[in-house]
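Notes follow once the structure below has been shown.
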Amino acid sequence: MQAANRRADVVGALRKARAQLPGDPAFGDPLSVSGPGGARAVARAADKIAGGAPTAVREIGFGALQVWQAALERVGRGRGTEEVTIVFTDLVAFSNWSLSAGDERTLELLRKVAQAIEPPIAERGGQVVKRMGDGLMAVFSSPDRAVRAAVAARRNLAGVEVAGYQPRMRVGLHTGSPREIGGDWLGVDVNIAARMMEAGGNGNTMLSSTTLAALRPETLDELGATVKPYKRNFFAAPLSGVPEDVRIFKLRADRS
């Protein structure tokens, strides 16, 4: 039984089965279980018990929690009444660099990154919800402010360098109505924003079609920005947790 629990083919089959269940089939990763909420709290505890290792029992447990979280969303317990734009950021290949750079240079870089990207968020009325190592989650009351902050943050980051290393940042934005609980935000819209960031690959800024539709036309003009539909690499796995009616766009800005 213990051997079957850790067999890669069994774990893989269960992961494929989860794709047919309601909710986000990637539920259980650090982005989807961060923050408060019953399903998330249980998921974090389950992951600690399992030691983070891929096992059949772990996948079955997360599958059940995935359905539970989806049920909470359907009855409105994962959605709020206020529309906000959610922003996720992280640094590309940061972990590999930090291993060779050492603690002192890693800390120096993180401080410089924070000094580069957090002021544009605050200046445009955004709220940093949480910091996650080399990334963060923020919310804005306006998609226009969120996009302006993202563009300004990327511009500032271009001037950051530590020991010859220049960090690259990927950003994801999505507009929706997550629920605020205890200073954190949760719900399917938070998951979608996180998946937008994942689509950013080697350092792109990605918008959901919901955010793009909510933008004032003059915002992109004033930023000198253009958008184009995201085309997934043929060999890349499809993004889980993104509804079929939500399209992804890549943002490029020449000035801010």
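Values in this text are rule-based calculations from the coordinates and carry no lab data. The model shown is predicted, which means the values in this text are computed figures rather than measured ones. Glycine also receives a Cβ, built like all others from the backbone with ideal geometry; neighbour counts cover every protein chain displayed.
Structure above, values below:
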quantity	calculated
Separation in nanometres of the label points that stand 7 Å from Cα toward Cβ, at ASP9 and SER95	2.8
Potential extension, GLN127-GLU83 segment - 0.36 nm per residue separation minus Cα distance	14.4 nm
Filtered GluC sites (Glu not before Pro), region 142-228: DSSP coil and at most 10 other beta carbons within 10 Å	none
Gain on full stretching of the segment that runs from LYS16 to TYR165 - 0.36 nm per residue minus C-alpha separation	49.8 nm
Net lengthening on full extension, ALA114/ARG216 (0.36 nm per residue, minus Cα-Cα)	33.9 nm
ARG155 paired with ARG105, simple spin-label distance in nm, labels 7 Å along Cα-to-beta-carbon	3.0
Virtual spin-label span in nm between ARG247 and SER141, 7 Å along Cα→Cβ	3.1
Set of lysines near LYS250 by C-alpha distance (under 21 Å), chain-local residues within fewer than 8 positions excluded	LYS228, LYS231
Overall form of region 114-256 per C-alpha gyration tensor (a/c, 1.5; a/b vs b/c)	rounded
